[in-house]
Amino acid sequence: MRTRVLKLDPNLPDDSVLRQAVEVILRGGLVAFPTETVYGLGANALNGEACARIFDAKGRPHDNPLIVHLADPSDYTKYAECANTALFEEIARRFMPGPITVILPKKKEIPDEVTVGLQTVALRCPSHKIAHRLIELAGVPIAAPSANLSGKPSPTTAEHVIEDMDGRIDLILDGGESAVGVESTVISLKGDSIHLLRPGFVTAEDLFTITPKVMIDPAVLSQLEKGVKPESPGMKYRHYAPSALLTMVCGSEEKVISFFREKLQCGCGILCFEEDIPHLKGFGDPARVIAFGKRADLSSQAHLLFAALRRFDKMNLEHIYARHTAENDLGLAISNRLLRACAFDILELEREP
Ligand code: AMP
Ligand code: MG
């Protein structure tokens with residue numbers, strides 16, 4: 001299959017270009033498109049066969065359901081039931097359109113291929129102008145996971161999508177870089193409480209401003225025990241992983257820097273904060289040191305994380321060592337992705353006696 005790439009202005013997308021994408025979607029094809037979180041790989045969510053093609057193109061495990069994207073939050077009543085409409089509507093009023101996905105009991109209009117047989121459906125309204133207008137013009141909801149090969153870091157540019165999907169899908173809409181850089185926050189509603197299944201740009205702290213009843217799923221920061229079935233099937237997979245082994249390093253400043261120096265001299269890659277760079281000069285090839293933002297700049301870390309992991313992939317390294325990030329606010333999402341990328345391989349450097 002030949003994959004076409006069409007460029008679009010992310011601030012003022014041209015309807016005549018978007019209509020070419022709509023034509024592909026409505027005939028059951030696959031279109032990658034930018035969203036504010038990462039690039040998505042979209043198909044008509046009401047066409048089971050088209051959605052099944054997403055799994056083939058990505059090599060996605062067949063028990064990992066897809067998120068359905070809507071143009072407007074009020075459309076949810078067509079596809080889902082909600083026992084607590086007041087809570088849903090407050091979440092929608094505050095955070096939609098935007099980087100949040102809500103899991104609700106599904107209606108029969110959503111085919112089993114999307115939900116892999118679950119009785120629930122994940123719904124999101126992207127705020128990105130290209131994504132929003134594409135769904136609006138299509139007139140159907142669009143099912144879309146991230147547009148990467150399964151297990152690889154999510155794509156935040158059209159170039160990343162081309163790397164993984166060229167020849168496997170019909171069309172890529174190139175709208176530049178995704179602003180947020182990590183996938184949407186995923187929540188489910190349990191009575192009057194919110195269950196946080198995957199952290200994202202809408203943070204636990206943001207959700208606490210709606211209700212004190214926010215539960216953070218244990219799978220967000222810890223490894224599931226064998227045989228335990230998570231509420232969100234995606235949480236059980238090694239994800240976002242570069243080809244090299246990845247280890248997260250914790251410890252005092254001094255210990256971490258001297259450990260990084262030693263590993264850099266041995267030919268490893270270092271994923272670090274900008275402040276670390278001067279301390280690593282002269283200890284090995286500076287191309288193997290990638291900073292993903294200042295220590296306190298969580299937005300930059302989220303924005304650059306997956307692009308950094310993909311840059312390391314081009315270097316054919318055996319091992320990458322990464323900084324441990326804060327776990328508050330957006331840091332929870334960054335830590336969650338890094339922990340999955342390193343398959344929970346954390347090195348605690350010995351503390352000074
Ligand atoms: P992706 O679109 O690749 O970023 O992944 C979507 C995430 O949402 C995965 O972790 C899925 O397991 C999760 N998800 C999608 N639909 C559901 C659902 N109905 N119930 C629980 N989790 C879901
Ligand atoms: Mg994904």
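Brief remarks on what is shown
- Answer from T77, T101 - the residue that is at pLDDT 95 or above, surrounded by fewer than 20 Cβ atoms within 10 Å (Cβ to Cβ) and among the hydroxyl-bearing types (S, T, Y): T77
- When residues of segment 197-229 are limited to those that are within 15 Å of the chain's Cα centre (by Cα) and either without any contact (Cβ under 8 Å) to a residue 40 or more places away in the chain or not in a helix (DSSP H, G or I) (or both), the one surrounded by the fewest Cβ atoms within 10 Å (Cβ to Cβ): T203
- Of all residues assigned to segment 278-294, none qualifies as being within 21 Å of the chain's Cα centre (by Cα), within 19 Å of V256 (Cα to Cα), of a type in the set (D, E) and in a loop (DSSP other than H, G, I, E, B).
- Single residue of segment 3-37 satisfying the filter (in a loop (DSSP other than H, G, I, E, B), over 22 Å from Y76 (Cβ atoms) and open to solvent by less than 10 Å² (accessible area, probe 1.4 Å)) that is farthest from ligand 2 (Cβ to nearest atom): G28
- Odd one out for S243, checked against (1) more than 16 Å from ligand 1 (Cβ to nearest atom); (2) farther than 23 Å from G98 by Cβ; (3) within 15 Å of the chain's Cα centre (by Cα); (4) open to solvent by 30 Å² or more (accessible area, probe 1.4 Å): (3)
- Within segment 104-144, tally of residues that are surrounded by 23 or more Cβ atoms within 10 Å (Cβ to Cβ), in a loop (DSSP other than H, G, I, E, B) and within 16 Å of ligand 2 (Cβ to nearest atom): 2
- Look at segment 137-156: where a residue is closer than 16 Å to V180 by Cβ and acidic (D, E), no partner that is open to solvent by 30 Å² or more (accessible area, probe 1.4 Å) and more than 9 Å from ligand 2 (Cβ to nearest atom) sits 6+ places away or on another chain with Cβ atoms under 8 Å.
- Total residues in segment 246-262, condition surrounded by 14 or more Cβ atoms within 10 Å (Cβ to Cβ) and part of a loop (DSSP other than H, G, I, E, B): 1
- Verdict on E177 being under 23 Å from S300 (Cβ atoms), open to solvent by 20 Å² or more (accessible area, probe 1.4 Å) and in a loop (DSSP other than H, G, I, E, B): yes
- Residue match in segment 307-321 (condition: surrounded by 20 or more Cβ atoms within 10 Å (Cβ to Cβ), over 17 Å from the mean Cα position of the chain (by Cα) and farther than 21 Å from E159 by Cα): yes
The values are calculated or read from the model by the stated rules, or taken from the named source; none is laboratory data. All values derive from a computational prediction rather than experimental measurement. Note that we place each Cβ from the backbone using ideal geometry, even for glycine, and neighbour counts take in every protein chain shown. Side chains included, ligands, DNA and RNA excluded: accessible areas come from the protein's heavy atoms. Shrake-Rupley method; radii C 1.70, N 1.55, O 1.52, S 1.80 Å.
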